[in-house]
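Encoded as C-alpha cells, the structure appears first; notes follow it.
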C-alpha cells in the first residue's frame, strides 16, 4: 500500500471526525481489509508517518485507553 494514499485516507478521517480535538483510533486490520493488503504493511506505514511527523500518536487517558492519531 502506498504510504501517501494511506496518509490521505487517515487525514480525511481525522478532518471529518466530530471529536474535539479531532482524532481517530485506527483499526489496522480494517484498513488492511479495505485496501486488500496485509496488516503489517499498514502498521509499518502508519509508524513511518508518525516518525516523519505527519501524524501524532497518543493514548487516551480515559477508557477505552485506545491509541489515537491526530494531525500535527
Of the residues in the stretch 55-72, those that are within 15 Å of residue 9 (Cβ to Cβ) and in contact with a helix residue (DSSP H, G or I) (Cβ under 6 Å, 6 or more places away or on another chain) come to 55, 71
Given (1) part of a loop (DSSP other than H, G, I, E, B); (2) surrounded by 14 or more Cβ atoms within 10 Å (Cβ to Cβ); (3) free of Cβ contacts under 8 Å to residues at least 40 places away in the same chain, residue 31 misses just (1)
Those residues of the stretch 25-48 which are under 15 Å from residue 13 (Cα atoms) and within 12 Å of the chain's Cα centre (by Cα) amount to 25, 26, 27, 28, 30, 31, 46
Taking the stretch 25-57 and keeping residues within 18 Å of residue 72 (Cα to Cα) and at pLDDT below 95 leaves 25, 26
Reported set for the stretch 5-28 where residues are without any contact (Cβ under 8 Å) to a residue 24 or more places away in the chain, out of contact with any helix residue (DSSP H, G or I) (no Cβ under 9 Å at 6 or more places or on another chain), surrounded by 13 or more Cβ atoms within 10 Å (Cβ to Cβ) and in a helix (DSSP H, G or I) is 13
Of the residues in the stretch 47-64, those that are in a loop (DSSP other than H, G, I, E, B) and out of contact with any strand residue (DSSP E or B) (no Cβ under 9 Å at 6 or more places or on another chain) come to 52, 53, 54, 61, 62, 63, 64
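The values are calculated or read from the model by the stated rules, or taken from the named source; none is laboratory data. Bear in mind the structure is a predicted one, so any value in this text is a computation, not a measurement. For neighbour counting, all protein chains shown are included, and Cβ atoms are generated from backbone atoms with ideal geometry for every residue, glycine included.
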